[in-house]
Amino acid sequence: MQLEAYTVGMTTVTLNIDEALLEKAKNGMRDRNVTLDEVVEKAIMPYVEEEQDMCEYDELMARLSYVKSAGPYTRDEMNER
């Protein structure tokens, strides 16, 4: 079954989903009081968060680029207090 233009926010998405699967999913979503919008958004969020984490890491490394290590250090040196 092909769903016709499905709108998520301001973007239109067309999905091809097995009809029986979609009907079962609709029943489950109805029981949980969630919408297809919410299900799709939750499903793609890890990809967005992963990209954000990588960007934050890169920004942190850029800010700390002035730090220079005198290493490598021995195990004893690393555990000195």
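Using just the helices of the chain, give the 222 nm mean residue ellipticity in deg cm²/dmol: DSSP H runs with n ≥ 4 each add -39,500 (n - 2.57), and the total is spread over all residues, rounded to 500. Display every interim value, and only then the final one.
On the way: 3 runs with 46 residues, N = 81.
The helix-only estimate for the chain comes to -18500 deg cm²/dmol at 222 nm.
Rounding to the nearest 20 debye, state how big the charge dipole of the chain is about its Cα centre with +1 on each Lys and Arg Cβ and -1 on each Asp and Glu Cβ. Walk me through the numbers on the way to the answer.
Details: 9 positive and 18 negative charges, 37 e Å.
So the magnitude is around 180 debye.
Let me make sure I get this right: for region 21-64, a, b and c are the square roots of the gyration tensor eigenvalues over alpha carbons, sorted descending. Under 1.5 in a/c it's rounded, otherwise prolate if a/b > b/c, else oblate. Which is it? Numbers along the way, then the final one.
Details: a/c = 7.04, a/b = 4.56, b/c = 1.54.
Cα axes put region 21-64 in the prolate bin.
With axes computed from alpha carbons, what is the tilt in degrees of helix 19-32 against the longest principal axis of the chain, rounded to the nearest 10 within 0 to 90?
Relative to the chain, helix 19-32 is tipped by roughly 70 degrees.
Here are some values of Rg and Dmax of the Cα atoms in Å: (i) 23.6, 66; (ii) 14.9, 45; (iii) 12.8, 41. Which one was computed from this structure?
Computed from these coordinates, Rg and Dmax of the Cα atoms in Å corresponds to label (i).
Could you give the angle, 0 to 90 degrees to the nearest 10, between helix 36-63's Cα long axis and the longest principal axis of the Cα atoms of the chain?
It works out to around 20 degrees.
State, as an integer percentage, the relative contact order of the chain based on alpha-carbon contacts under 8 Å between residues 6 or more apart.
Values: 26 pairs, mean separation 11.7, N = 81.
About 14 percent, as a whole number.
FYI, it's all coordinate maths here, none of it is from the lab. As the structure is a computational prediction, the values presented were derived from the model and not from experiment. Glycine also receives a Cβ, built like all others from the backbone with ideal geometry; neighbour counts cover every protein chain displayed.
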